[in-house]
Amino acid sequence: MEQILSSCGLICNECRFYPNECAGCFMVKGQTFWAKEMMPNKTCPLFHCAGNEKKYAHCGECSELPCAIFREMKDPESSAEEHEKMLGVRAERLRNKN
C-alpha cells in the first residue's frame, strides 16, 4: 500500500485514527477531528500555515522547516526526545517528497 503523507510529514495510513476518525489532512482540508475541538479556526496550524497562508503543497516546501509551529505541535504522548527525533524524520520525508 502506498503511503499517504500529511502536510506535516506524518504517514496518515499508519495513524491509529486513519481512516475512521480522520481521512487525512488533505481530504479534510486541515480540519482534523482534534483541530475542530482544540483550534479557534478548527484547522491544524501546520496545514493552515503551509497550505492556506503560504500556498505550499506541504510543510516541506518551506525554508523554515522545522519552524516554531512544527516544534510546538508535540504529541502529548511523546517524550521531548521522541518529539525531536520525529521532527527530523518528518522533515526528511517532506524534503524527499519535493
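Computed from the coordinates by the stated procedures, all read-outs in this text should not be read as laboratory data. All figures in this text were calculated on a predicted structure; none of them were measured in a lab. Neighbour counts are summed over all protein chains in view; Cβ atoms, including those assigned to glycine, are modelled from backbone coordinates with ideal geometry.
Here are the numbers:
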read-out: Dipole in debye (nearest 20) - the chain, about Cα centre, beta carbon charges: Lys, Arg +1; Asp, Glu -1; value: 340 debye
read-out: Longest site-free stretch - the chain; sites: GluC sites (Glu not before Pro), DSSP loop, at most 14 other Cβ within 10 Å; value: 22-63
read-out: Listed residue pairs exceeding 23 Å between alpha carbons, taken from Lys29/Lys97; Lys54/Lys97; Lys54/Lys85; Lys36/Lys74; value: Lys54/Lys85
read-out: Loop sites in segment 1-92: trypsin sites (Lys or Arg not before Pro), DSSP, at most 15 other Cβ within 10 Å; value: Arg16, Lys29, Lys42, Lys54, Lys55, Lys74
read-out: Residues whose placed amide H lies under 5 Å from that of Leu5, excluding near-sequence neighbours; value: Cys12
read-out: Gain in span if fully extended, Met39 to Arg95, counting 0.36 nm per residue against the direct Cα distance; value: 17.5 nm
read-out: Förster radius 41 Å - calculated FRET efficiency between Asn52 and Glu81 (Cβ-Cβ, nearest 0.05); value: 0.85
read-out: For the chain, calculated [θ]222 nm from helices alone, where every DSSP H run of n ≥ 4 adds -39500 (n - 2.57); value: -8500 deg cm²/dmol
read-out: Residue-span extension gain [Ser63 to Arg16] - 0.36 nm each, minus C-alpha spacing; value: 13.9 nm
read-out: Cα gyration tensor shape of the chain, rounded if a/c is under 1.5, else prolate or oblate by comparing a/b with b/c; value: rounded
